[in-house]
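Read-outs: derived from the displayed coordinates by stated rules, not from any lab. Predicted, not measured: the structure shown is a model, and the values here were computed from it. Every residue, glycine among them, receives a Cβ derived from its backbone with ideal geometry; neighbour counts consider all protein chains shown.
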Amino acid sequence: MRKFLVVLDDSRECLNAMRFAAMRAKKSGGGVSILSVIPPDEFNHWIGVGDIMRQEARERIEAHYEVFAKWMRDRQGINPELIIREGEPVPEILAHIESDPEIGILVLGAGLDKKGPGPLVSQMSKNAGTLPCPITIVPGNLTKDQLDALT
């Protein structure tokens with residue numbers, strides 16, 4: 001089964017990427033993998049404190065994921081999977097794509113900031129020529145109706 005890989009982070013544009021991935025998966029008979037990366041700099045504390053912070057980060061990610069997963073299950077009939085990795089976002093995204101041959105498309109949301117589409121879109125675009133799958137960049141200003149028409 002072809003899966004759409006979407007990155008879960010704290011950005012506003014993440015919402016449209018999630019919606020697009022779920023809608024495309026439903027219409028194409030695919031699945032959705034949701035990847036969240038915990039940056040290593042969050043744990044540069046004493047070992048015990050770092051472990052507690054790591055657990056809290058995982059709990060925040062799981063709670064955030066459940067909001068999207070419920071919508072995907074209820075509205076799109078898609079049961080997404082959650083993957084949590086630790087490290088720098090771009091290398092971890094690339095490593096996950098390499099490790100899962102079912103990933104067919106990486107879906108990223110583009111921000112509305114005048115400085116550019118966001119750091120993740122900018123960095124992943126640099127790797128686009130060597131990825132084993134295409135990248136779909138979803139504009140952050142699309143409405144639900146526009147997303148539905150596109151998918």
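The lysines within cross-link reach of LYS26, meaning a Cα-to-Cα straight distance under 21 Å and a gap of 8 or more places when in the same chain, are LYS3, LYS70, LYS144. Between LEU15 and GLU66, the contour length at 0.36 nm per residue exceeds the Cα-Cα span by 17.1 nm. Taking every C-alpha pair closer than 8 Å and separated by at least 6 residues, the mean separation divided by the residue count of region 3-150 gives a relative contact order of 32 percent. One chain, two ends: ARG75 and ASN127. Fully extended at 0.36 nm per residue, the span grows by 15.4 nm beyond their Cα-Cα distance. Only helical runs count toward this figure. For the chain, summing -39,500 (n - 2.57) over DSSP H runs of n ≥ 4 and dividing by all residues gives -14000 deg cm²/dmol at 222 nm. Using the Cβ-Cβ distance between SER28 and LEU112 with R0 set to 25 Å, the FRET efficiency from 1/(1 + (r/R0)^6) comes to roughly 0.35.
Cβ-Cβ distance of ASP100 and ALA149, R₀ of 30 Å, FRET efficiency by 1/(1 + (r/R0)^6): the value works out to about 0.55. Angle of helix 14-28 to the longest C-alpha principal axis of the chain, folded into 0 to 90 degrees and rounded to 10: 50°.
One quarter of the surface of the convex hull around the alpha-carbon atoms of region 31-151 equals 8.9 nm², the direction-averaged projected area. With respect to the chain, whose longest principal axis is taken over its alpha-carbon atoms, helix 89-99 is tilted by about 70°. Each residue of region 115-120 is assigned a 3J(HN,Hα), and the resulting list reads 6, x, x, x, x, 5 Hz, derived from the Karplus form 6.51 cos²θ - 1.76 cosθ + 1.60 (θ = phi - 60°), x at Gly and Pro.
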